[in-house]
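Worksheet: one structure, shown below.
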Amino acid sequence: MVEGKPSGRLGRRRILQAGAALGAVGAVQVTSPFIVKALGEVPIKFGYEDPLTGSLSIVAISEIQGAKLAVEEINKKGGIMGRQLVLYVEDSANDVGTGVEKERLLIDKYHCNITFGDVNSGIAYAVAQVATEKGVLHIVPGGHTDPITGKDCTWNVFRICNTTSMDANAISNILIKKYGKRWYFVTPDYAYGHTLQAAFIKDLKAAGGTYEYALLPIAASDFSATLIKAKAFKPNVLLNNMGGLAQIDLMKQFVEFGMEKEMGLGGALYEVEEIVAVPAAAQTGWWDMEWWWNQPGVPHVAEFVAAIKKKYNKIASARHWFGYVAMYSGKLAIEKAKSLKAIDLAHALAGMELPPEVALQPGKVFYRAGDHQLMPNIFAGEVHPPPANNPGNFFTVAEMVSAEKAWPLADTGCHMKYPA
Amino acid sequence: MSLATAAAAAEALPSAQRRLLATAGVWIILIAAPFWMPLVGGYTDLGTRVIVLGLAAMSLNFLLGYTGMMSFGHAAYFGLGVYGAGLILKDVTASTPLALVAGTLLGGIAGVVFGRLIARTRGVAFAMITIAFQQILYYVAYKWNGVTGGFDGLRGFVRQPIHLGPLVLNIRSNDLVFYYFVLAIFALAVGAMGLILRSPFGRTLLAVRENQRRARFLGIDVNRHVWLSFSVSAFFIAIAGALYALLNNFADPSSMYYVLSGQFVIMAVMGGMRTFWGPLLGAAVFVVLQNYFSSITLNWLFFVGLLFVLVVMFFPRGLLGIFQRRRAA
């Protein structure tokens, strides 16, 4: 307040005094009394971190949509053991440091009972380490690199999507049979790409094939130099191992260069989210689907597909299914263990078979106790432009490969140890 | 005494006592942070992150705010601190003190070497060369899979408890103990930084910042002082990097990416680059906003950017600079 002015004006000092007085009154009036809540009023908390921004967001968003659908269903049916389920979603921004911070946020701030994530293998690896350090059950719905449930497996970490070795082993023989043994890989330079390419090379070498490759940054967008190199190598098939937006860009540029006339196209994963984003000419090649929506006669699949269509106006994808399975896996584990302790949940989930309304495919789908890897079917087949009357039907299943066959426990390198 | 009279009383004090009072206030807030943070929705690890990144921003500010040289490449030395500590813990020995020393030396020595080359340039060239050296180191970390783990980063190491005779500091599994361990290292680092800035060398840096030509006429070797300032700043930011490795228990190339360098600059400018504690406040605001908004919206960077623009437009001296300006008026 300026000296000499009338003291009745509302000055800084008076505002501070009033603020302090209000604060003191507020502290007494606003804080709630200490009432112990009944257990049924305390929600069960799941925390999910995924790259909702960045080059993998296109698939991460589907995972979260599948998870939210499951949470909605679970809560409509009375929650988990009478308690509502709350899902906290955080953006890892496709960055390892941010992902780790978000995992700590989910555990330390929100006190989540189970955590989930990440699509990015490198982040999945790092956040699983944080969950282990904090003693929290962690499920990796969509990060494929082998060691998570392979040589670096831990008692508290489970995985839903396939490993890179599973995906490579399921399609390798088909690619050799369809195209030949001279391959060119375009691979992202991180954990997923490395292990995927290594698995393909192992299969190719066993068949006496030859190869060349280009390792590119995960978020690469210009592939012209790489495609020129690939052309010069004259391969039978180009394996597009990139993911998300990078894979879409590569598919588009492959077609723009007219290379589909010179060589085949294929790889481990070409996901629904990516196929719908490319021109019809780029909807081609032989690939795996980790789950496929068009399974006539398989119970509950049509309901799930319809629910996704109704809620999000999208074709149900493997990523939707991962998120959906993730939430139900947590629910089933808690109900079986009748506990929220990570060690009890881990024991409950190990070896657990998913019920048909969650498995959404034929046969037995279960978490293998020896490495905590979900064992579903792998849908190997051909991608093609869809017929006019069914725009989502751009994949034809040629073979259903069992995950057990694609990645036997003995090949994983996992030696599962539980704390005493 | 009411809050208003306390504020009035503080303003009436001589500047030395006021500084002492402000410093005491900062330390009380930091020491008590694990107890008040949960009340406002925070958690201990978030506090640790603020201190580590605050130290990094203050280290950059040694060069930026006190020497007047803009570096957009300081994440390089921060990242080397991260990798230095991580590699020691993973491949050499499970010793936290050794990891800290190794990280500091790796980042600091790189700062001395690159600083020697960078210090000859000025203005835009200076900023561009700092980015260039940083990108070289970034791509080495990105591509050298066998040593650094490439894009996936360096994993498989964990900070280890510290044995002080019969006393064991369990920084491995006790977040609170780790917070105070980081705070102690922070105190040593900023204490040393404060002493350097108050020394004749520190005063000379201010002279360089204010007018390089006049400093040169006074016989000051400006290039040498810029180089020394760059080197000291690199050593301090490498300490922050080593602490960051201990905080996350992993290292990855994003810790030496240009985006992080830009964030350090934002923290320093937003907090007040002409103040000692300003960058710490900037780091706190940045980290807390990032943490808060990214839980609400995917467009969280927009809000952080908006705040930065508002601060630059309306408080060009930064958030702490508001008090300086008021006193000056």
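Test of understanding: among A:189, A:203, A:152, which residue is within 14 Å of chain B (Cβ to nearest Cβ) and farther than 17 Å from residue A:244 by Cβ? Explain how you work it out, then say what you get.
Numbers: A:189 fails: farther than 17 Å from residue A:244 by Cβ; A:203 fails: within 14 Å of chain B (Cβ to nearest Cβ).
Only one candidate qualifies: A:152.
Residue A:229 - would you say it is surrounded by fewer than 16 Cβ atoms within 10 Å (Cβ to Cβ) and of a type in the set (Lys, Arg)? Outline the logic, then answer.
On the way: surrounded by fewer than 16 Cβ atoms within 10 Å (Cβ to Cβ): yes; of a type in the set (Lys, Arg): yes.
Yes.
Quick check: anything in region B:54-72 of a type in the set (S, T, N, Q) and outside any helix (DSSP H, G or I)?
Initial filter on region B:54-72 (of a type in the set (S, T, N, Q)): B:59, B:61, B:67, B:71.
The next check asks that each one be outside any helix (DSSP H, G or I); those that pass are B:71.
Within region B:54-72, one or more residues are of a type in the set (S, T, N, Q) and outside any helix (DSSP H, G or I).
Would you check which residues across region B:272-289 are assigned to a helix (DSSP H, G or I) and over 12 Å from the mean Cα position of the chain (by Cα) and list them?
Residues satisfying the conditions are B:285, B:286, B:287, B:288, B:289.
Quick check on residue A:196: is it in contact (Cβ under 8 Å) with a residue 24 or more places away in the chain, over 26 Å from residue A:146 (Cβ atoms) and either in a helix (DSSP H, G or I) or of a type in the set (Asp, Glu) (or both)?
Details: in contact (Cβ under 8 Å) with a residue 24 or more places away in the chain: yes; over 26 Å from residue A:146 (Cβ atoms): no; either in a helix (DSSP H, G or I) or of a type in the set (Asp, Glu) (or both): yes.
Criteria not met by residue A:196.
Quickly run through region A:78-99 and pick out the residues that are within 9 Å of another protein chain (Cβ to nearest Cβ) and of a type outside the set (Ser, Thr, Tyr). Can you show your working first?
Initially, region A:78-99 is screened for residues within 9 Å of another protein chain (Cβ to nearest Cβ), giving A:88-91, A:93, A:95-98.
Matches in region A:78-99: A:89, A:90, A:91, A:93, A:95, A:96, A:97.
Across region B:141-151, which residue is farthest from the other protein chains (Cβ to nearest Cβ) among those that are more than 13 Å from residue A:215 (Cβ to Cβ) and touching a residue at least 40 places away in the same chain (Cβ under 8 Å)?
B:147
Just give me the residues in region B:152-202 being within 13 Å of chain A (Cβ to nearest Cβ), aromatic (Phe, Trp, Tyr) and under 30 Å from residue B:23 (Cβ atoms), in sequence order.
B:178, B:179
Given the conditions (1) away from every other protein chain (no Cβ under 14 Å); (2) without any contact (Cβ under 8 Å) to a residue 40 or more places away in the chain, which single one is not true for residue A:250?
(2)
Out of A:102, A:45, A:109, I need the residue that is among the charged types (D, E, K, R) and more than 10 Å from chain B (Cβ to nearest Cβ). Which one? Reasoning before the result, please.
On the way: A:102 fails: more than 10 Å from chain B (Cβ to nearest Cβ); A:109 fails: more than 10 Å from chain B (Cβ to nearest Cβ).
Testing whether each residue is among the charged types (D, E, K, R) and more than 10 Å from chain B (Cβ to nearest Cβ) leaves just A:45.
For region B:299-311, give me each residue that is modelled with pLDDT of 85 or more and of a type in the set (Val, Ile, Thr).
Once the filter is applied, which keeps residues that are modelled with pLDDT of 85 or more and of a type in the set (Val, Ile, Thr), region B:299-311 yields B:309, B:311.
Residues that are surrounded by 19 or more Cβ atoms within 10 Å (Cβ to Cβ) and over 19 Å from the mean Cα position of the chain (by Cα), at least 1 per element: which helices (runs of 4 or more DSSP H) completely within region B:85-203 meet that? Write out each step before concluding.
Numbers: elements: B:96-118, B:123-143, B:145-148, B:175-198.
Counting at least 1 such residues, we get B:96-118, B:123-143, B:145-148.
Just one of (1) assigned to a helix (DSSP H, G or I); (2) in contact with a Leu (Cβ under 6 Å, 6 or more places away or on another chain); (3) modelled with pLDDT under 95 trips up residue A:281, so point out which.
(2)
Taking the condition in contact with a Gly (Cβ under 8 Å, 6 or more places away or on another chain), of a type in the set (Phe, Trp, Tyr), within 18 Å of residue B:251 (Cα to Cα) and modelled with pLDDT of 95 or more, does residue B:142 pass?
Working: in contact with a Gly (Cβ under 8 Å, 6 or more places away or on another chain): yes; of a type in the set (Phe, Trp, Tyr): yes; within 18 Å of residue B:251 (Cα to Cα): yes; modelled with pLDDT of 95 or more: no.
No: the conditions fail for residue B:142.
Only one residue in B:286, B:230 is among the hydrophobic types (A, V, I, L, M, F, W, C) and within 14 Å of chain A (Cβ to nearest Cβ), so which one is that? Please lay out each step first, then the result.
Details: B:230 fails: within 14 Å of chain A (Cβ to nearest Cβ).
Only one candidate qualifies: B:286.
Please go through region B:30-40 and pick out each residue that is surrounded by 12 or more Cβ atoms within 10 Å (Cβ to Cβ) and either in contact (Cβ under 8 Å) with a residue 40 or more places away in the chain or out of contact with any helix residue (DSSP H, G or I) (no Cβ under 6 Å at 6 or more places or on another chain) (or both).
Filtering region B:30-40 down to residues surrounded by 12 or more Cβ atoms within 10 Å (Cβ to Cβ) leaves B:30-31, B:33-34, B:37-38.
Passing the criteria: B:30, B:31, B:33, B:34, B:38.
For (1) in a helix (DSSP H, G or I); (2) not aromatic (Phe, Trp, Tyr), each residue gets a yes or a no:
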site	(1), (2)
A:309	yes, yes
A:322	yes, no
A:348	yes, yes
A:364	no, yes
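Find all pairs meeting these conditions: Cβ atoms under 8 angstrom apart; at least six residues apart or on different chains; first residue within region A:207-235 and at positive phi; second residue surrounded by 14 or more Cβ atoms within 10 Å (Cβ to Cβ).
Within 8 Å, the pairs are A:208/A:181; A:234/A:182; A:234/A:263.
For region A:202-221, which residues satisfy the criterion of being in a helix (DSSP H, G or I) and either within 18 Å of residue A:412 (Cβ to Cβ) or in contact with a Gly (Cβ under 9 Å, 6 or more places away or on another chain) (or both)?
Start the filter on region A:202-221 by keeping residues that are in a helix (DSSP H, G or I), which leaves A:202-206.
Correct list: A:202, A:203.
Anything in region A:372-393 that is of a type in the set (Gly, Ala, Ser) and either out of contact with any helix residue (DSSP H, G or I) (no Cβ under 9 Å at 6 or more places or on another chain) or assigned to a strand (DSSP E or B) (or both)? List them, or say none. So that I can check it myself, show each step before the final result.
Kept after step one, since they are of a type in the set (Gly, Ala, Ser), are these residues of region A:372-393: A:380-381, A:388, A:392.
Once the filter is applied, which keeps residues that are of a type in the set (Gly, Ala, Ser) and either out of contact with any helix residue (DSSP H, G or I) (no Cβ under 9 Å at 6 or more places or on another chain) or assigned to a strand (DSSP E or B) (or both), region A:372-393 yields A:380, A:381, A:388.
Looking at A:174, A:114 in this structure, which one is hydrophobic (A, V, I, L, M, F, W, C), in contact with a strand residue (DSSP E or B) (Cβ under 6 Å, 6 or more places away or on another chain), closer than 22 Å to residue A:52 by Cα and away from chain B (no Cβ under 14 Å)?
Details: A:174 fails: closer than 22 Å to residue A:52 by Cα.
A:114 is the lone residue from the list that is hydrophobic (A, V, I, L, M, F, W, C), in contact with a strand residue (DSSP E or B) (Cβ under 6 Å, 6 or more places away or on another chain), closer than 22 Å to residue A:52 by Cα and away from chain B (no Cβ under 14 Å).
Being among the basic types (Lys, Arg) and under 21 Å from residue B:152 (Cβ atoms) is true for just one of A:102, A:109. Which residue is that?
Numbers: A:109 fails: under 21 Å from residue B:152 (Cβ atoms).
Only one candidate qualifies: A:102.
Could you list all residues from region A:241-266 that are surrounded by fewer than 24 Cβ atoms within 10 Å (Cβ to Cβ), more than 23 Å from residue A:120 (Cβ to Cβ) and among the hydrophobic types (A, V, I, L, M, F, W, C)?
Selection gives A:255, A:257, A:259, A:263, A:265.
Conditions (1) touching a residue at least 12 places away in the same chain (Cβ under 8 Å); (2) in contact with a strand residue (DSSP E or B) (Cβ under 7 Å, 6 or more places away or on another chain); (3) polar (S, T, N, Q); (4) in a helix (DSSP H, G or I), marked per residue:
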position	(1), (2), (3), (4)
B:205	yes, no, no, yes
B:208	yes, no, no, yes
B:216	no, no, no, yes
B:225	yes, no, no, yes
B:229	yes, no, yes, yes
B:232	yes, no, no, yes
B:235	yes, no, no, yes
B:239	yes, no, no, yes
B:244	yes, no, no, yes
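The values are calculated or read from the model by the stated rules, or taken from the named source; none is laboratory data. These numbers come from a predicted model, not from an experiment. Because the Cβ atoms are built from the backbone with ideal geometry, glycine has one as well, and the counts that use them run over all protein chains shown.
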